[in-house]
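Comments concern the structure below.
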Amino acid sequence: MKNHTLELFPPAAPDTRHEPLEPGAWLLRGFALAVQMPLLAAIDRIAAIAPFRHLETPGGFRMSVGMTNCGTLGWVSDRTGYRYDPCDPLSGRPWAAMPRVFLDLARSAADVAGFADFEPDACLVNRYEPGSRLTLHQDRNERGYSDPIVSVSLGLPAVFLFGGDSRSDKQRRIPLQHGDVVVWGGPARMRYHGVLPLKEGHHEATGSQRLNLTFRRAG
Ligand code: SIN
Ligand code: FE2
């Protein structure tokens with residue numbers, strides 16, 4: 001009798017969904033898909049407490065990305081500089097607490113990337129509309145750099161720029177899709193990174209937007 005076992009049950013394909021980018025940096029494809037609905041519902045609740053706003057840079061430019069925060073610390077920018085603030089400067093009130101589903105997702109992504117016991121206290125929520133971009137920068141307003149950055153993409157695709165430790169270093173262009181998670185820490189913690197201008201489009205989960213959650217241990 002002919003044996004069909006191999007055809008019916010091919011050996012499992014190698015797990016290319018967890019892609020090492022470089023030492024300390026991982027792209028976890030689709031890692032957030034299973035919790036996309038609770039993530040999006042939580043973002044609505046966070047934005048109801050502290051609405052998305054276009055912050056002003058110290059140099060006086062209006063950021064094209066809309067931002068809000070949850071957690072005990074929130075990242076803000078104004079004419080005086082960048083900082084983490086326990087309160088929303090617009091209302092003077094604390095940011096929304098970090099939802100359990102955010103914490104669990106950030107921790108498990110950090111774990112998979114080799115960073116155990118990640119306890120983020122800050123989650124920046126970024127909202128990109130067509131044309132919004134984030135220029136090349138390092139995340140360096142945190143108190144220490146021993147914890148990784150965990151970055152979750154939802155909605156429209158974007159091109160993530162992942163560079164070196166100097167602004168002028170060549171950057172990789174990494175296409176990010178709905179549900180993808182990027183983690184960078186350890187030797188990759190201070191990498192310059194950014195997002196190219198968002199292209200027009202429609203995504204069934206977010207409409208004409210891309211949402212990004214960036215988890216950090218800031219304080
Ligand atoms: C960030 O660097 O804060 C956001 C990155 C992203 O939107 O993917
Ligand atoms: Fe960043």
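The values are calculated or read from the model by the stated rules, or taken from the named source; none is laboratory data. None of the values given here were measured: they were computed from a predicted structure. Positions of Cβ are generated from backbone atoms using ideal geometry, with glycine treated the same way; all protein chains shown enter the neighbour counts. The protein model used for the area step is the full one, side chains on, heavy atoms only, and it has no ligands, DNA or RNA in it. Shrake-Rupley method; radii C 1.70, N 1.55, O 1.52, S 1.80 Å.
Out of the total accessible area of segment 19-216 (probe 1.4 Å, heavy atoms of protein only), what percent is carbon and sulfur?
53 percent
In degrees from 0 to 90, rounded to the nearest 10, what is the angle of the helix 100-112 Cα long axis to the longest principal axis of the chain?
With both axes taken from Cα atoms, the answer is about 60 degrees.
Please arrange HIS202, HIS54 by accessible surface area, largest first, computed with a 1.4 Å probe and ligands excluded.
If we order HIS202, HIS54 from most to least accessible, we get HIS202, HIS54.
Dipole of segment 19-216, Cα-centred, from +1 at each Lys and Arg C-beta and -1 at each Asp and Glu C-beta, to the nearest 20 debye?
460 debye
So if I take the centroid of the Cα atoms in segment 27-95 and the same for segment 164-189, what is the distance between those two points in Å?
Cα centroid of segment 27-95 versus Cα centroid of segment 164-189: 20 Å apart.
How high is the relative contact order of segment 19-216, in percent, with contacts defined as C-alpha pairs under 8 Å that are six or more residues apart? Walk me through the intermediate numbers first.
Values: 480 pairs, mean separation 51.6, N = 198.
That works out to 26 percent.
Starting from the residue with the highest accessible area, list ARG216, ARG29 in decreasing order, probe 1.4 Å.
Output order, biggest surface exposure first: ARG29, ARG216.
Report the accessible area of SER108, computed with a 1.4 Å probe over the heavy atoms of all protein chains in place, in Å² rounded to the nearest 10.
Here the accessible area works out near 40 Å².
Just grab the label-to-label distance for SER208 and CYS87, each label 7 Å out from Cα along the Cβ direction, in nm (one decimal).
3.6 nm
In whole Å, largest first, what are the principal axis extents of the Cα atoms in the chain?
Extents along the principal axes: 77, 36, 36 Å.
What order do MET67, MET37, MET98 take when sorted by accessible area (1.4 Å probe), most exposed first?
Descending order: MET37, MET98, MET67.
If ligands, DNA and RNA are left out, what is the accessible area of SER208 with a 1.4 Å probe, given in Å² to the nearest 10?
60 Å²
Report the gain in length on full extension from ALA34 to SER64: 0.36 nm times residue separation, minus Cα-Cα distance, nm rounded to one decimal. Walk me through the intermediate numbers first.
Values: separation 30, 0.36 × 30 = 10.80 nm, distance 2.92 nm.
Full extension from ALA34 to SER64 adds 7.9 nm.
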